[in-house]
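Notes for the one structure printed next.
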Amino acid sequence: MYLSRITLHTAQLVPSQLLHLVERGEYVMHQWLWELFPGGKERQFLYRREELQGRFAFLFCHRNGQRRARFSTYSVAHLPLS
């Protein structure tokens, strides 16, 4: 199992992405998070969203190994759990 913190830097979003985020809100964030775990039809993770100084941070508990940020708007940190 892993605990990961994934931060979405909203200041780095292009205007169309930011507008989409504002219009669709939580659903858009949920879609972006699914992109970090490709290939699975069943959700293999739990997450919690936090807002920190204009950024959104997500804490993930998952067993799929380390995830790399696929976009420059994300930063990822991992902690293996025993």
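The values are calculated or read from the model by the stated rules, or taken from the named source; none is laboratory data. Since the structure is predicted, the reported quantities are computational estimates derived from the model, not experimental observations. A quick note on method: Cβ atoms are made from the backbone with ideal geometry, for glycine too, and the neighbour counts reach across all protein chains shown.
A compact table of results
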quantity: Selection count, the range 34-55, where residues are loosely packed, with under 14 Cβ neighbours inside 10 Å and of a type in the set (Phe, Trp, Tyr); calculated: 1
quantity: Any hit, the range 40-55, residues being among the hydrophobic types (A, V, I, L, M, F, W, C), at pLDDT below 85 and assigned to a helix (DSSP H, G or I); calculated: no
quantity: Those residues of the range 22-33 which are surrounded by 12 or more Cβ atoms within 10 Å (Cβ to Cβ) and either over 20 Å from residue 60 (Cα atoms) or not aliphatic (A, V, I, L, M) (or both), in sequence order; calculated: 24, 30, 32
